[in-house]
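Below: the structure, in structure tokens.
The values are calculated or read from the model by the stated rules, or taken from the named source; none is laboratory data. Everything numeric here is computed off the predicted structure, so don't read it as measured data. Cβ sites come from the backbone with ideal geometry, for glycine too, and all protein chains shown count toward neighbours.
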């Protein structure tokens, strides 16, 4: 299960409460471009859009993910690398997302893009935005852990 792209800022900016996995509806040359590693989840987010049909569940889309045109795709006219891509989820998962998203301050954040067998999957999470002081606490914890690791390494070499 090789990872193709990771959203590094997601865990720093959001507290991830729940994770989900979804397939992506892609064009052929987009698949090739993603599998060669030319994809960016920076600034991307997941939204629920109401379906055009009456009495239907909303559809889930990945917005603002950058997938450049595949180098050997030929002449593809009017291709938008930031286009919205539909996520493939079951109805039960969509209704669960609807119920949880109604909570205050919860957003859907793409975490990573990876392959599972021959399919491309997106892992996204239901997250709550962190305040500035929460981010500072995380930085302090990381610094302390780093110092403890370096001190433990030094003590091993002295013995």
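For this structure, a couple of remarks:
- Residues being at pLDDT 90 or above and assigned to a strand (DSSP E or B) - total across region 7-39: 6
- When the residues of region 58-67 are filtered to those that are in contact with a helix residue (DSSP H, G or I) (Cβ under 9 Å, 6 or more places away or on another chain) and surrounded by 16 or more Cβ atoms within 10 Å (Cβ to Cβ), the one that is nearest to residue 123 (Cα to Cα) is 60.
Residue-by-condition table, conditions (1) in contact with a strand residue (DSSP E or B) (Cβ under 8 Å, 6 or more places away or on another chain); (2) in contact (Cβ under 8 Å) with a residue 40 or more places away in the chain; (3) within 30 Å of residue 136 (Cα to Cα):
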{"site": "9", "(1), (2), (3)": "no, no, yes"}
{"site": "15", "(1), (2), (3)": "yes, yes, yes"}
{"site": "19", "(1), (2), (3)": "yes, yes, yes"}
{"site": "26", "(1), (2), (3)": "yes, yes, no"}
{"site": "29", "(1), (2), (3)": "no, yes, no"}
{"site": "47", "(1), (2), (3)": "yes, yes, yes"}
{"site": "51", "(1), (2), (3)": "yes, no, no"}
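- Meets criteria (touching a strand residue (DSSP E or B) at 6+ places or on another chain (Cβ under 9 Å), surrounded by fewer than 16 Cβ atoms within 10 Å (Cβ to Cβ) and closer than 30 Å to residue 32 by Cβ) for residue 111: no
- Answer residue from region 31-45, given it is in contact (Cβ under 8 Å) with a residue 40 or more places away in the chain and touching a strand residue (DSSP E or B) at 6+ places or on another chain (Cβ under 9 Å) and is farthest from residue 70 (Cα to Cα) among those: 45
- Note on region 80-100: among residues that are touching a residue at least 40 places away in the same chain (Cβ under 8 Å) and over 12 Å from residue 20 (Cβ atoms), the one that is surrounded by the fewest Cβ atoms within 10 Å (Cβ to Cβ) is 98.
- Among the residues examined, residue 142 qualifies as more than 22 Å from the chain's Cα centre (by Cα) and within 25 Å of residue 19 (Cβ to Cβ).
- Remark: residue 87 falls outside the filter, which requires a residue to be within 26 Å of residue 138 (Cα to Cα), in a strand (DSSP E or B) and modelled with pLDDT of 85 or more.
- Any hit, region 68-75, residues being free of Cβ contacts under 8 Å to residues at least 40 places away in the same chain, exposed (fewer than 10 other Cβ atoms within 10 Å of the Cβ) and either under 21 Å from residue 48 (Cβ atoms) or in contact with a strand residue (DSSP E or B) (Cβ under 8 Å, 6 or more places away or on another chain) (or both): no
- Exactly one residue among 134, 143 is surrounded by 11 or more Cβ atoms within 10 Å (Cβ to Cβ) and farther than 29 Å from residue 49 by Cα, and that residue is 134.
- Per-region count, region 101-159, residues in a loop (DSSP other than H, G, I, E, B) and without any contact (Cβ under 8 Å) to a residue 40 or more places away in the chain: 8
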